[in-house]
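To keep things clear, I will list the structure first and then write my remarks on it.
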Amino acid sequence: MRTATHAEDQRSGGIDSPRLDEIATQLRRILSSPVFHGSKRCQQFLEYVCEKSLAGDTGSLKERSIAIDVFGRDAAAEWHGEDTIVRVGAREVRKRLAQYYVTPDGASSFVLIELPPGSYAPEFRYAAASFAPPEPAVTVPPVVASVPVVHPGREARRRRYLIPALCMVVLLAITAAAAVRWATGDVRTAAFQRFWAPVFRSSEPILIGVGHPLVYLPSHRAAMLSAQRQPETPFPVQRPLALSPKEIDGSDMVPVFDQFVGFGDMVAASEVGQMLAHRSRTYRLMLASSIPFAELRTTPAYLIGSLSNHWTMELGQTWRFRFGWTADHQPAFLDSSPGSKREWVIRSHDDGSTSDDYSLICRIRNSPTGNLIVVSAGLKQFGTEAAGRVLADPAALGAILTKLPAGWEDKNLQVVLHMKVIGNTPAQPEMVAWHVW
């Protein structure tokens with residue numbers, strides 16, 4: 001018979017769950033282990049949520065309460081969801097728990113304490129049925145029967161221990177995979193943080209300079225002539241010109257500067273802007289043509305676009321990977337190193353559609369502005385959109401940065417990405433070239 005009361009069983013998760021004393025013993029072992037010994041904050045976090053859960057007070061396991069009780073946040077201050085200290089702390093505790101259960105002490109534990117993703121309420125369970133503590137002996141009157149005694153042989157003993165052994169192997173594989181997954185995620189997030197560190201530390205809002213393509217509009221004469229040949233509509237809509245090429249000359253195409261923004265540029269600005277806002281960082285959004293050089297000297301800048309962005313083209317004249325044109329006047333990224341003939345070019349149709357695109361991400365620490373310059377640009381809007389999404393995504397950017405040589409965060413870097421375009425939407429990009437100096 002179990003000695004735990006019904007109330008204790010409820011708090012520890014059910015009749016078949018570990019007893020409170022078993023959980024307390026396991027918690028002490030975890031907190032005193034080398035995995036947790038190096039982080040007082042992780043020890044406090046795990047001990048706090050376990051005590052609250054075992055006391056039946058899981059309703060108080062909220063981000064604000066944990067931030068105040070564990071991390072010392074001001075109880076009188078207004079709580080903002082952008083404060084990620086509790087979520088980061090929970091991820092660290094989960095990672096250390098996974099590491100603990102692949103150590104010899106953890107692997108031999110018959111009680112598991114877990115912190116499920118998306119929750120701050122821990123779960124307590126036996127590692128396997130065979131690890132449950134033996135029931136106390138019960139005195140049973142002897143039964144006399146003429147039943148032959150059968151002694152288990154070698155095969156029977158092997159079968160008896162096979163299932164627990166397999167359970168342990170599976171458990172070790174799961175916890176090892178979880179540890180690798182958490183470790184990989186942490187490495188990528190750390191690389192992402194180092195990439196943006198000068199911006200996150202800056203007291204000035206980052207300046208986002210958006211490129212602006214040169215757009216040609218039909219002259220008033222051409223627009224009126226075309227309208228006369230098309231049926232009237234109940235409301236005005238944009239329609240293609242109903243004119244033959246012979247009816248239009250150069251004077252009918254009017255260039256319009258600094259009034260339009262490409263869709264890829266807009267997506268990149270939006271993605272990076274949201275990422276900065278989520279981290280309580282402010283930014284200013286301007287057309288690149290409206291940014292004076294004096295502005296670039298006072299704050300970090302993120303420049304979007306290549307051929308459509310005046311500052312990207314001017315500041316990038318000395319970079320190894322540059323924007324340019326091929327011999328047949330196709331936009332391309334060119335490798336300007338001596339003797340190199342590498343170029344990354346796409347062949348698009350007259351309507352602008354293409355099956356793939358390239359983009360370039362740059363992080364220039366010692367730029368002529370004296371401030372950090374980050375650049376993302378595609379040969380077409382697809383590459384610009386994809387590069388912006390990469391810069392705002394810790395997993396995607398971190399996966400790229402972890403492939404670069406150690407110490408890249410203190411140097412200038414350029415990365416060339418290639419992506420397929422499916423239905424006017426860029427697919428996940430892959431790195432095809434990099435340069436760090």
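Filtering the stretch 120-142 to residues that are assigned to a loop (DSSP other than H, G, I, E, B) and either surrounded by 19 or more Cβ atoms within 10 Å (Cβ to Cβ) or at pLDDT 90 or above (or both) leaves 120, 121, 122, 127.
Sort out which residues of the stretch 380-437 are among the polar types (S, T, N, Q), more than 21 Å from the chain's Cα centre (by Cα) and surrounded by fewer than 22 Cβ atoms within 10 Å (Cβ to Cβ), and write them in order of number. Can you show your working first?
Residues of the stretch 380-437 that are among the polar types (S, T, N, Q), as a first pass: 381, 384, 402, 412, 414, 424-425, 428.
Of the ones still in play, those that are also more than 21 Å from the chain's Cα centre (by Cα) are 381, 412, 424.
Of everything in the stretch 380-437, those that are among the polar types (S, T, N, Q), more than 21 Å from the chain's Cα centre (by Cα) and surrounded by fewer than 22 Cβ atoms within 10 Å (Cβ to Cβ) turn out to be 412, 424.
Among residues of the stretch 42-63 that are in a loop (DSSP other than H, G, I, E, B), those with a Cβ under 6 angstrom from a residue that is surrounded by fewer than 16 Cβ atoms within 10 Å (Cβ to Cβ), sequence gap 6+ or separate chain, pair up as 61/121.
For the stretch 98-114, the criterion of a residue being farther than 20 Å from residue 54 by Cα, among the β-branched types (Val, Ile, Thr) and either in contact with a helix residue (DSSP H, G or I) (Cβ under 6 Å, 6 or more places away or on another chain) or modelled with pLDDT of 90 or more (or both) is satisfied by at least one position. Being touching a Lys or Arg at 6+ places or on another chain (Cβ under 6 Å) and modelled with pLDDT of 95 or more is the filter; apply it to the stretch 410-436 and report the residue that is nearest to residue 264 (Cα to Cα). Step by step, filter the stretch 410-436, then rank; the result is 413.
The values are calculated or read from the model by the stated rules, or taken from the named source; none is laboratory data. Only a predicted model underlies this, so the values are computations on that prediction, with no experimental measurement involved. We place every Cβ from the backbone using ideal geometry, glycine too, and count neighbours over all the protein chains shown.
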